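The values are calculated or read from the model by the stated rules, or taken from the named source; none is laboratory data. Everything numeric here is computed off the predicted structure, so don't read it as measured data. Note: ideal-geometry Cβ built from the backbone for every residue, glycine included; neighbour counts use all protein chains shown. All accessible areas refer to the heavy atoms of the entire protein, side chains included, with ligands and DNA or RNA removed. Shrake-Rupley method; radii C 1.70, N 1.55, O 1.52, S 1.80 Å.
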Amino acid sequence: VTLNGRVLPIGGVKQKLLAAQRAGLSTVFIPARNEPDLDDVPAEVLAALEVKPMTDVADIIAQALEPAAAAASAAA
């Protein structure tokens, strides 16, 4: 992540997504510049995960916290 909040590419996307599936995660955020790396990921892994390419940290925070905020307001 840059100082301005831009998301930089990462290495090992295939291995990270395989580990996420094994850990039981359902949604994974990846840098948008790593989207071409999804071609190397097995189809069954991509089917089990919702992969969201992102370019800005603010977008990730908004999406990651949205379900929790909705649940808290429903409980109140």
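Being at pLDDT below 95 and surrounded by 11 or more Cβ atoms within 10 Å (Cβ to Cβ) is true for just one of 62, 72. Which residue is that?
On the way: 72 fails: surrounded by 11 or more Cβ atoms within 10 Å (Cβ to Cβ).
Matching residue, one of 62, 72: 62.
Selection of first residues in the stretch 38-49 that are over 9 Å from residue 14 (Cα atoms) and among the hydrophobic types (A, V, I, L, M, F, W, C) and of second residues that are open to solvent by less than 60 Å² (accessible area, probe 1.4 Å) and not in a helix (DSSP H, G or I), restricted to Cβ pairs under 8 Å at least 6 apart or on distinct chains, gives the following pairs, ordered by first then second residue: 49/27; 49/28. Among the residues of the stretch 1-38, write down those that are open to solvent by 60 Å² or more (accessible area, probe 1.4 Å), touching a helix residue (DSSP H, G or I) at 6+ places or on another chain (Cβ under 7 Å), under 15 Å from residue 59 (Cα atoms) and assigned to a loop (DSSP other than H, G, I, E, B). 1, the sole residue that qualifies.
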